[in-house]
1. Can you find, within the stretch 354-377, the residue that is farthest from the chain's Cα centre (by Cα) among those that are in a loop (DSSP other than H, G, I, E, B) and surrounded by 22 or more Cβ atoms within 10 Å (Cβ to Cβ)?
2. Within the set of pairs 6 or more residues apart or between chains, which connect a residue that is more than 18 Å from residue 215 (Cα to Cα) and outside the structural domain of residue 164 (by TED's automatic domain parsing) inside the stretch 64-83 to a residue that is crowded, with 22+ Cβ neighbours inside 10 Å and modelled with pLDDT of 70 or more with Cβ atoms less than 7 Å apart?
3. Applying the selection to the stretch 287-298, what residues are outside any helix (DSSP H, G or I) and at pLDDT below 90?
4. What is the residue count in the stretch 186-228 for residues that are modelled with pLDDT under 80, loosely packed, with under 14 Cβ neighbours inside 10 Å and closer than 28 Å to residue 47 by Cβ?
5. Here is a list: 351, 407. Which entry is in the same structural domain as residue 311 (by TED's automatic domain parsing) and either under 30 Å from residue 220 (Cα atoms) or in a strand (DSSP E or B) (or both)?
6. Check whether at least one residue in the stretch 332-339 is in a loop (DSSP other than H, G, I, E, B), assigned by TED's automatic domain parsing to the domain that holds residue 394, surrounded by fewer than 22 Cβ atoms within 10 Å (Cβ to Cβ) and in contact with a Pro (Cβ under 8 Å, 6 or more places away or on another chain), and report yes or no.
7. Regarding the stretch 379-388, can at least one residue be identified that is touching a helix residue (DSSP H, G or I) at 6+ places or on another chain (Cβ under 6 Å), small (Gly, Ala, Ser) and buried (at least 20 other Cβ atoms within 10 Å of the Cβ)?
8. For residue 133, all conditions in the list (1) modelled with pLDDT of 70 or more; (2) surrounded by fewer than 21 Cβ atoms within 10 Å (Cβ to Cβ) hold save one; what is the number of the exception?
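The values are calculated or read from the model by the stated rules, or taken from the named source; none is laboratory data. Keep in mind the model is a prediction, meaning the values are calculated, not measured. Here the Cβ is made from the backbone with ideal geometry for all residues, glycine too, and neighbour counts use every protein chain on show.
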Amino acid sequence: MLTAIAAAFLGGLILNLMPCVFPVISLKALSLIRHHDKPGHARAEGLAFLLGVVLTMIALVAVLLLARAGGASVGWGFQLQSPLVIALLILVMLGSALNLFGLFEVGLAVQRVGGIGGDRGGLIGSALTGALAIVVATPCSAPFMASAVGYALTQPPFISVVIFISLALGFAAPFTLISFFPLLARVLPAPGAWMITLKHGLAFPMLGAVGWLIWVLERQAGSAALAAILVCCLLFSFAAWLYGMAQKRRMMGKGHWGLHIATLVFLLLVVPPLANLKTTATSPNGAEASEAAAAVAWSPQNVDAIKGQGKPILVNFTASWCITCQVNDRSSLSTQAVKTAMAQTSTIYMVADSTKYNPDVEQALSDFGQGGLPLYVVYPADGGKPVVLPQVLTPRIVISALEHAAVSDKKS
C-alpha cells in the first residue's frame, strides 16, 4: 500500500507535465505571476488550489467507487465517457478563453467591494481552477500512476481514497509549494502591461482544448452532437458578449438589466441543446463502420479464440479523449517501422476503444491491474503469458515486443 501511495504521489507530480493539463495549469501560473508581490495572498491561493484539487478528487472517487459497488465496470477518466460532461467542459474551456481575451470579467462586482471581497473571489477562483484541472487531467495517465490507480481500484474503499488523495496531493504540490516561497518574487518580472499580452496568449491553449474536446464529442456521439455543440458555442459566446457589455454599463451606473438578458440567452438557448445532447447522438457514418468492420474486432472472446494459434496479438486499449493514446498512435503504432514489424511477425492488431463506455474494456483494464488508459498488451504466438508494454511507447519498444512474441513460438 505504501508503494502505491508513493507511486500515486509521483504520478501526480508528473501529471503536471502532460499536455491535457497544460491549458488549465497555465491559468494557475498566471495567477501566481499576478500575486507574486503579495506573499500572503499567494499562499492563500495555493492552499485554495490544493483544496479544490483534493475535494474534486474525493468527489470523483466517491462516484467511481459507488458505480463499481453497483456492479458497473468503470475506471479512471470515466466521466469523459459521457457526452454531456464533454459538452460542459467545452463550454467551461470556451468561457475561460473568452474571459482571458477580456470579453467579460468573472466576479467584477466583487472586485469593486475592496480587498477582502477581492481576496475571497480570488480564492474561489483558485479552488475552481484546481477542480477543473483535476477533471481534465483524467484523460492522461502518467508513469507510475496507472499501476497505483489499478491497485487502488482493487482495495477496500478507505485504502482507495487514501491512494487517490495521494495522487491529488502530488498533482497540486508544485503550485502549492511555489506559492509558499517568497523568493519566487525575485525570479518573476514585476506585474505590468505585459501581463495583458500574456493573458491573451494563454487563451489560445484553452481554445486548443476546446477544439480537442469538440473532436472527442464528435467521435463519441456523432455528427448531430457536433452540430449541437457548435450552436451552443456560438450562443454561449453571444451571451458572454452581452454579459461583458452589461458589466461595463453597470460599472458606469447605467443599470444591470443586460446581466439578466445575457443569463436568459444562456438559459433559453444554450441549455436545451445540452439537455438533449444524448438523444441527438448518431451512429458512426458508413465509411467509419466499414473500416471498423474490416479490422479484427477486439473482444475477450476473440482474444481467447485466436491466442496460441501461432500468431502474436497486439491489443491497443485506447480512447479519443486519451491524449497519451493519441500521441503513442502517431509516434509509434502508426509508423512504417512498426507496421513492417507487424507484417513480418504476422501480428494480429486489435483496437479496444473506450471512447464510449465499454464494460468489457473496463473489466480488461481491471484484470491487468490498470486503472486507466492507455494499455498495450502483447500476447505471445505460443499462447504464453501476455506482456504489458509501457504507457509511453517508442517504435523500438513495440518492435522488440513483437519480435520476442514471435520468437517464443519458434522456440516452443
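1. Taking the stretch 354-377 first, the residues in a loop (DSSP other than H, G, I, E, B) are 354-358, 368-374.
Narrowing further to those that are surrounded by 22 or more Cβ atoms within 10 Å (Cβ to Cβ): 354, 370-374.
Working: 354: 14, 370: 17, 371: 14, 372: 11, 373: 11, 374: 13 Å.
Ranking the candidates gives 370 first.
2. none
3. Step one: filter the stretch 287-298 for residues outside any helix (DSSP H, G or I), giving 295-298.
Listed by number, the residues that qualify are 295, 296, 297.
4. Final tally of qualifying residues: 9.
5. On the way: 407 fails: either under 30 Å from residue 220 (Cα atoms) or in a strand (DSSP E or B) (or both).
Just a single option satisfies the conditions, and that option is 351.
6. Scanning the stretch 332-339 turns up at least one residue that is in a loop (DSSP other than H, G, I, E, B), assigned by TED's automatic domain parsing to the domain that holds residue 394, surrounded by fewer than 22 Cβ atoms within 10 Å (Cβ to Cβ) and in contact with a Pro (Cβ under 8 Å, 6 or more places away or on another chain).
7. Within the stretch 379-388 (the criterion being touching a helix residue (DSSP H, G or I) at 6+ places or on another chain (Cβ under 6 Å), small (Gly, Ala, Ser) and buried (at least 20 other Cβ atoms within 10 Å of the Cβ)), the answer is yes, since at least one residue qualifies.
8. If we test residue 133 against (1) modelled with pLDDT of 70 or more; (2) surrounded by fewer than 21 Cβ atoms within 10 Å (Cβ to Cβ), just (2) comes out false.
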